[in-house]
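The structure appears right after this line, and notes come after that.
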Amino acid sequence: MNRLLNTGLAAALTATTLLTACASDLTEDLADEPVASAADRLQYRTSPPVYHGWQQYDGLPGGARDIAGTSYGAWALDNSVFGLAGDVWVNNGIGTSWRQKALPQFTSAVAIATNADGDPWVVDLGGNLWKFVQQHNAQDPGHWESLDGPPGGAQDIAIDVANQVWVIGREFGQDGNIYHYVYDGRNWTWKQVQGVGSKIAVGWDRRYNESTVYVVNSQNKISELDGGWRSLPGGARDIGVGPDGSIFTTGTNIPNANDGSIYWWNNAANDWTVFEGAAKRISVGNRGYPWVVNSYGTVFRMY
């Protein structure tokens, strides 16, 4: 039996909704507001993807540490650098094998996201940013370009379907500031946004043509920036948003475990619906199906 669905998690999978609520109050930088009604919020996917099971993807050195779904497959980071960081790999959606897209020498990454074209951006061990430029020709199969990060560097990154880039600043085990990569008419620069967090995901609000930001803080509390900050119920280890508006989290509901159950945001019910399985990191790819990494470093994709 694969390790994602091990019997030790069976009790957690009997739940139907709700992540375990976090006892700590949200940091002062995030206003604690009621969850909005469905009519007040962006157009989320109204039904979850049809669940059949999980496909396992092996072969990453040291296992995986992070994952980013795309329209065609996924990009992942291995865990080859002392369990702290790793190199970049891609799965093109055909089979379960991975192809390496090595970072520059002496560079390793801790977080990854993909843009609307499926090109990866990563945060390296020093908090710096890199993006992979795909030329799609034999002369240049693609190369990495470095970018200036926010003050102090970054620890997590997210990109929405309009290619808006957001990061969490690096604070060494604490919640970091939130930054948006914007063009000021002359240069690209990092604009700080009110709030802090440790994990970030972004969706796209079709009403106002702007990003909707989701953060999980160090106390596992979930918040949404959609005009102003509001809290979502429950707690999470990680959060991902797909191009179709699907929102998934990995929960905190399994005591003394590094993995949590997998939840989909049911906007009509203003609550979370549980799916079979458990994982640590999560990203949402094509047709709203999530990719996950569990605490063993094994990658799975829902189908």
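The listed peptides 144-151, 212-219, ordered by packing as a protection proxy, come out as 212-219, 144-151 (highest mean of other Cβ atoms within 10 Å first).
If you wrap region 40-302's Cα atoms in a convex hull and average its projection over all directions, what's the area in nm²? In nm², the orientation-averaged hull projection of region 40-302 is 14.1.
Sort 65-78, 100-113, 48-61, 243-256 by packing, meaning the average of other beta carbons within 10 Å per residue, with the highest value first.
Values: 65-78: 24.2, 100-113: 17.8, 48-61: 15.5, 243-256: 20.9.
The most tightly packed comes first, giving 65-78, 243-256, 100-113, 48-61.
The distance linking region 74-138 with region 225-303 is 22 Å (Cα centroid to Cα centroid, whole angstrom).
Non-local lysine pairs in region 40-302, meaning eight or more places apart or on different chains, with alpha-carbon distances under 23 Å, amount to 7.
Values in this text are rule-based calculations from the coordinates and carry no lab data. Please read all numbers here as calculations on a predicted model, not as lab measurements. Cβ: placed from backbone, ideal geometry, glycine included. Neighbour counts: every protein chain shown.
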